[in-house]
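Right, one structure below, let's go through it.
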Amino acid sequence: MTGRQIIAAASVTLALGLSAQSQGKPDYLIKPVAFTAVHLTDDFWAPRIEINRTSSIPSAFLQCELTGRVALFDRAAAVLRGDGTVDKRPPGYPFDETDLYKVIEGAAYSLSVTADPKLDAYVDGLIAKIAAAQEPDGYLYTTRTIDPKSPHRWAGTERWVLERDDSHELYNLGHLFEAAVAHHLATGKRTLLDVAIKAADLLVNTFGPGKRTTWPGHQITEMALVKLYRVTGQQAYLDLARFLLDERGPGPLPPGERVNPRGLNYNQAHLKVIEQSEPVGHAVRAVYMYSGMADVAAVTGDQAMRAAGKRIWDYLITSKLYLTGGIGASGSGEAFGQPYELPNMTAYNETCASVGMDFWNHRLFLLEGDAKYLDVMERTLYNGLLSGVSLDGKTFFYPNPLESNGQHARQEWFGVACCPGNITRFMPSVPGYFYATRGDAVFVNLFARGSATIDLPGGPVTIDQDTRYPWDGVVKMTITPQRARRFAVNVRIPGWAREQPVPSNLYVYTDEISVPPPSLRVNGSPVPMTQVNGFATVDRTWTAGDVLTLDLSMPVRRVASNPQVMANRDRVALQRGPIVFAAEWPDNPNGKVRNIVLPSGEPLGSEFRPDLLNGVQVITGRAVGLAFDAKGAVQRTAQPFMAIPYAVWANRGRGQMAVWLARTDAAARPTPFPTVVTTATIAASLPPGGRGKNARNIIDGEEPASSADSTAYFDWWPVQGSDNEWIQLTFAKPSTISTSEIYWFDDTGRGGVRVPASWRLLYKSGTNWVTVDTRDAYGVARNAWNAVTFTPVTTTALRIELGMQQGFSAGLQEWKVK
Ligand SMILES: [Zn+2]
């Protein structure tokens with residue numbers, strides 16, 4: 001094939017793997033328009049997609065090389081060749097190889113839009129390494145191939161036996177299939193596709209009715225098999241995808257197999273998938289599974305599976321969705337929390353979960369034809385997903401919190417590096433979410449300047465969008481059919497421009513401003529705005545050059561959350577168009593934002609700042625800043641206020657950020673007046689892997705809610721039962737002190753940290769540590785301050801030495817010294 005033919009062949013929807021093979025067979029009623037047919041020229045997405053191509057993809061490949069992920073395939077291939085000298089150490093995690101698959105997928109998407117012979121050749125080289133690491137029968141899992149006798153402890157000594165726990169054998173192949181389909185459709189080459197088919201055939205021969213059973217411990221294989229089915233036409237792959245979904249659930253296990261010790265909720269096996277209603281467990285696993293369910297429902301017409309997906313979605317958007325579109329409130333198990341449990345500073349909101357949210361919501365739209373799924377997709381896309389990557393494309397967030405005291409920063413790479421790879425594969429496919437078709441009708445789902453060529457049964461149509469969206473709500477669409485003819489254009493009227501920010505009562509607009517309703521004009525003349533499923537349909541005879549103009553007002557809106565969300569009580573968030581805003585430290589007085597009170601009714605303005613953060617709209621106004629004085633009294637100061645789009649926070653260094661701002665003085669968190677403690681430096685004996693534990697949390701001057709409060713603490717986990725740990729303050733200057741108060745961290749019921757078995761207090765005298773002179777008991781009360789008063793000393797440092805309870809770790813919430 002020529003390059004142009006390849007592009008044409010790829011002009012089916014890569015994101016779903018739709019291809020000629022699947023034409024004429026049952027599938028989604030609505031078909032997305034491939035990103036290869038949509039060329040964005042806007043100032044919002046186009047630069048981010050280009051940065052992904054020129055920066056994120058090369059740096060992710062480099063990290064895969066530097067961290068030995070590429071070498072895993074070389075080592076496995078050497079073992080298969082009979083080389084006895086191979087380094088047999090297992091990878092850090094058995095799923096490390098998927099990071100390479102994901103970046104190959106991203107590179108393939110990128111290649112299908114922008115020719116890059118050097119990248120193409122590099123990917124060919126990687127594919128040769130992957131192919132060489134595949135065992136003769138199709139098994140591909142370097143963890144075991146490198147050392148079949150003692151693979152990684154998660155992998156078990158036999159194939160598949162720990163799949164339902166943590167081996168990730170099927171997960172790895174799922175990412176292989178996704179990469180292979182993308183590479184084939186993008187380049188026309190079969191190299192990686194043939195590796196995938198060989199592996200998929202092994203799965204088909206191994207699993208199924210009358211054969212072995214299992215369900216993937218980490219989902220993705222299900223949706224990946226549907227892609228492989230679409231590209232190859234092999235019914236067996238679709239049947240296996242359905243089998244893996246149907247088999248999931250509680251029940252007896254074959255001898256030697258086990259489930260994840262975190263429990264069946266963790267990987268959504270607590271119920272049969274068609275019986276599920278509440279999103280639970282590991283959020284990324286969940287949304288990958290729901291995406292697979294939508295695919296299987298679309299292709300097989302399975303109504304029970306379709307209904308389950310809709311139930312789960314309703315539950316999610318009613319009680320478990322962040323305003324930013326992120327999901328997965330809890331870092332413990334990277335999981336959904338309880339309904340309405342949506343803490344801000346500790347919000348987990350893994351970047352991968354946002355990517356999965358958009359996979360799933362897009363599929364639900366294609367299945368159901370309702371724009372409410374696109375409303376959620378857009379919310380995640382512009383906010384909680386895009387926040388996952390820095391403006392320069394070089395650093396990534398794993399969790400995406402909605403509040404920070406300066407403890408958060410994006411990183412280049414992670415031990416578990418799922419998120420960077422997911423960003424690299426998602427970004428090039430963004431234009432593929434903009435349009436769709438059903439029969440001879442077009443859906444305009446998202447808005448950005450650019451041009452799309454859309455194939456309809458009645459002939460191709462070009463749509464040119466001219467707009468400054470998301471900064472402005474006027475969208476001018478020039479519609480150019482090949483010849484004048486009648487067809488329908490369905491324009492999404494975004495949910496944020498209708499009554500509520502989300503299609504539930506989880507978040508509501510609270511301001512009393514009157515907003516002009518959305519309007520549509522054709523060649524300047526108003527057309528009726530009858531809306532069905534969130535779309536306004538303009539069904540008419542279109543002539544080349546007709547202009548359809550959508551006009552959406554974009555005032556700054558105040559958003560309140562359902563009062564059942566404790567974390568947002570007496571707080572307000574700001575939204576304008578699809579963009580959720582955050583106040584960040586560089587833009588507000590004294591570098592603080594958690595002390596800001598934004599009173600209701602205070603007018604807020606908005607302006608575009610081309611000089612800031614590559615050009616963003618900002619919100620400005622007046623607020624009140626709270627500060628403690630030396631006597632501990634709160635001072636109120638009128639001050640200017642500014643907020644930036646949430647997605648671009650943390651591009652200017654570490655500091656405070658908040659999406660949910662205080663509406664009342666009581667909800668604000670003014671920084672404590674500097675004390676001997678808050679100006680001290682802190683150090684601790686650190687556990688192995690304790691890098692990144694932020695001990696400063698315990699001298700931030702903030703009152704813990706309880707010993708179990710997970711907002712800002714320090715612990716020695718995973719160290720347990722140790723009798724010689726320490727933590728110490730070094731004061732800015734010699735200080736005279738006589739009281740220490742400690743609030744212990746203890747997560748009984750949730751984790752393995754308890755108040756210590758014993759402890760004592762020492763101060764620095766010259767170069768020696770001397771126990772303080774006290775008659776007080778060294779208290780270990782939970783949910784209380786434990787004060788020790790001692791004979792005053794003038795010293796430069798104070799230290800706690802502690803012994804843990806047997807079998808438990810220890811930690812502190814807060815430490816005060818006077
Ligand atoms: Zn991730």
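Surrounded by 24 or more Cβ atoms within 10 Å (Cβ to Cβ) and of a type in the set (D, E, K, R), is that true of Arg153? I'd like the intermediate steps shown before the answer.
Details: surrounded by 24 or more Cβ atoms within 10 Å (Cβ to Cβ): no; of a type in the set (D, E, K, R): yes.
No: the conditions fail for Arg153.
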(request) Give me a count of the residues in the stretch 68-90 that are within 19 Å of Ala128 (Cα to Cα) and either in contact (Cβ under 8 Å) with a residue 24 or more places away in the chain or open to solvent by 20 Å² or more (accessible area, probe 1.4 Å) (or both). (result) 16
(message) I want to confirm something. Restricting to the stretch 112-134 and keeping residues that are modelled with pLDDT under 95 and aliphatic (A, V, I, L, M), which single residue is nearest to the chain's Cα centre (by Cα)?
(response) Val113
(request) Scan the stretch 752-765 for residues that are over 19 Å from Gly721 (Cβ atoms) and open to solvent by 70 Å² or more (accessible area, probe 1.4 Å) and report the count. (result) 0
(message) Six or more apart or on different chains, Cβ atoms under 7 Å: show the pairs whose first residue is in the stretch 126-139 and surrounded by fewer than 21 Cβ atoms within 10 Å (Cβ to Cβ) and whose second is of a type in the set (Gly, Ala, Ser).
(response) Lys129/Ala77; Ala132/Ala77; Gly138/Ala199
(message) Show the residue pairs meeting these rules: Cβ distance below 7 Å; 6+ apart or different chains; first residue within the stretch 380-400 and charged (D, E, K, R); second residue open to solvent by 10 Å² or more (accessible area, probe 1.4 Å).
(response) Asp392/Ile51; Asp392/Ser55; Lys394/Ser55; Lys394/Ser59; Lys394/Glu412
(request) Only residues that are at pLDDT 95 or above, within 25 Å of Gln500 (Cα to Cα) and loosely packed, with under 14 Cβ neighbours inside 10 Å: list them for the stretch 576-629, please. (result) Gly605, Glu607, Phe608
(request) Could you identify the single residue in Val280, Val296, Val273 that is open to solvent by 10 Å² or more (accessible area, probe 1.4 Å) and either on the phi > 0 side of the Ramachandran plot or away from the ligand (no atom under 16 Å from the Cβ) (or both)? (result) Val280
(request) May I ask you to list the residues in the stretch 484-510 that are touching a residue at least 60 places away in the same chain (Cβ under 8 Å) and assigned to a loop (DSSP other than H, G, I, E, B)? (result) Ala484, Ile493, Pro494, Pro501, Val502, Pro503, Ser504, Asn505, Leu506, Thr510
(message) Show the residue pairs meeting these rules: Cβ distance below 9 Å; 6+ apart or different chains; first residue within the stretch 545-556 and open to solvent by less than 20 Å² (accessible area, probe 1.4 Å); second residue among the aromatic types (Phe, Trp, Tyr) and assigned to a strand (DSSP E or B).
(response) Leu548/Trp542
(request) Look at the stretch 482-530 and say how many of its residues are under 34 Å from the mean Cα position of the chain (by Cα), closer than 20 Å to Ile463 by Cβ and open to solvent by 60 Å² or more (accessible area, probe 1.4 Å). (result) 0
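Step by step: first the residues of the stretch 697-710, then only those that are among the hydroxyl-bearing types (Ser, Thr, Tyr) and open to solvent by 20 Å² or more (accessible area, probe 1.4 Å), then the one that is nearest to Arg775 (Cα to Cα). Which residue is that? Before the answer, list the steps.
Let us first name the residues in the stretch 697-710 that are among the hydroxyl-bearing types (Ser, Thr, Tyr), namely 706-707, 710.
Narrowing the set further to residues that are open to solvent by 20 Å² or more (accessible area, probe 1.4 Å) leaves 706, 710.
On the way: Ser706: 27, Ser710: 32 Å.
The qualifying residue nearest to Arg775 (Cα to Cα) is Ser706.
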(request) Quickly run through the stretch 407-427 and pick out the residues that are open to solvent by 10 Å² or more (accessible area, probe 1.4 Å) and within 15 Å of the ligand (Cβ to nearest atom). (result) Arg410, Gln411, Glu412, Trp413, Phe414, Gly415, Val416, Cys418
(message) Taking the criterion of being crowded, with 19+ Cβ neighbours inside 10 Å, on the phi > 0 side of the Ramachandran plot, modelled with pLDDT of 95 or more and not aromatic (Phe, Trp, Tyr), would at least one residue in the stretch 644-659 satisfy it?
(response) yes
(message) Could you check the stretch 337-358 and list, in sequence order, the residues that are within 15 Å of the ligand (Cβ to nearest atom) and either more than 29 Å from Val430 (Cβ to Cβ) or of a type outside the set (D, E, K, R) (or both)?
(response) Ala347, Tyr348, Asn349, Thr351, Cys352, Ala353, Ser354, Val355, Gly356, Met357
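Yes/no per residue for (1) closer than 23 Å to Ser332 by Cα; (2) in a loop (DSSP other than H, G, I, E, B); (3) touching a residue at least 40 places away in the same chain (Cβ under 8 Å); (4) open to solvent by 30 Å² or more (accessible area, probe 1.4 Å):
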site: Ala712; (1), (2), (3), (4): yes, yes, yes, no
site: Thr730; (1), (2), (3), (4): no, no, yes, yes
site: Tyr743; (1), (2), (3), (4): yes, no, yes, no
site: Arg750; (1), (2), (3), (4): yes, yes, yes, yes
(message) Please return the ranges of helices (runs of 4 or more DSSP H) entirely within the stretch 27-104 where 2 or more residues are closer than 21 Å to Pro431 by Cβ.
(response) 45-51, 57-66
(request) Kindly check whether there is at least one residue in the stretch 320-327 that is in a strand (DSSP E or B), within 15 Å of the ligand (Cβ to nearest atom) and touching a residue at least 12 places away in the same chain (Cβ under 8 Å). (result) no
(message) Looking at the stretch 785-802, can you tell me whether even one residue there is part of a loop (DSSP other than H, G, I, E, B) and hydroxyl-bearing (Ser, Thr, Tyr)?
(response) no
(message) If Val430 meets every condition in (1) in contact with a Ser or Thr (Cβ under 8 Å, 6 or more places away or on another chain); (2) more than 15 Å from the ligand (Cβ to nearest atom); (3) open to solvent by less than 10 Å² (accessible area, probe 1.4 Å) apart from one, which number is that one?
(response) (1)
(message) What's the total number of residues in the stretch 359-406 that are assigned to a helix (DSSP H, G or I), within 16 Å of the ligand (Cβ to nearest atom) and farther than 28 Å from Asp27 by Cα?
(response) 4
(request) Can you give me the number of residues within the stretch 442-468 that are touching a residue at least 60 places away in the same chain (Cβ under 8 Å), part of a strand (DSSP E or B) and in contact with a Ser or Thr (Cβ under 6 Å, 6 or more places away or on another chain)? (result) 2
(request) List the number of the failed condition for Thr437; all other conditions in (1) within 16 Å of the ligand (Cβ to nearest atom); (2) among the β-branched types (Val, Ile, Thr); (3) surrounded by fewer than 23 Cβ atoms within 10 Å (Cβ to Cβ) hold. (result) (1)
(request) May I ask you to list pairs of residues, at least six apart or on different chains, whose Cβ atoms are under 7 Å apart, with the first in the stretch 277-305 being under 11 Å from Leu245 (Cβ atoms) and modelled with pLDDT of 95 or more and the second being polar (S, T, N, Q) and open to solvent by less than 10 Å² (accessible area, probe 1.4 Å)? (result) Met289/Gln219; Met289/Gln268; Gly292/Gln219
(message) Suppose we keep only residues that are under 21 Å from Thr711 (Cβ atoms), in contact with a helix residue (DSSP H, G or I) (Cβ under 8 Å, 6 or more places away or on another chain) and β-branched (Val, Ile, Thr) within the stretch 305-363. Which one would you say is surrounded by the most Cβ atoms within 10 Å (Cβ to Cβ)?
(response) Ile327
(request) Check off (1) of a type outside the set (Ser, Thr, Tyr); (2) open to solvent by less than 70 Å² (accessible area, probe 1.4 Å); (3) on the phi < 0 side of the Ramachandran plot for Gly632 and give me the number that stays unchecked. (result) (3)
(request) Specify the residue that is surrounded by the most Cβ atoms within 10 Å (Cβ to Cβ); the eligible residues are those in the stretch 774-815 that are within 21 Å of Val676 (Cα to Cα) and touching a Lys or Arg at 6+ places or on another chain (Cβ under 6 Å). (result) Thr795
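The values are calculated or read from the model by the stated rules, or taken from the named source; none is laboratory data. Because the structure is predicted, anything quoted here is derived from the model rather than measured. All Cβ positions, even for glycine, are placed from backbone atoms using ideal geometry, and neighbour counts span all protein chains on display. These accessible areas exclude ligands, DNA and RNA; they are computed on the full protein's heavy atoms, side chains included. Shrake-Rupley method; radii C 1.70, N 1.55, O 1.52, S 1.80 Å.
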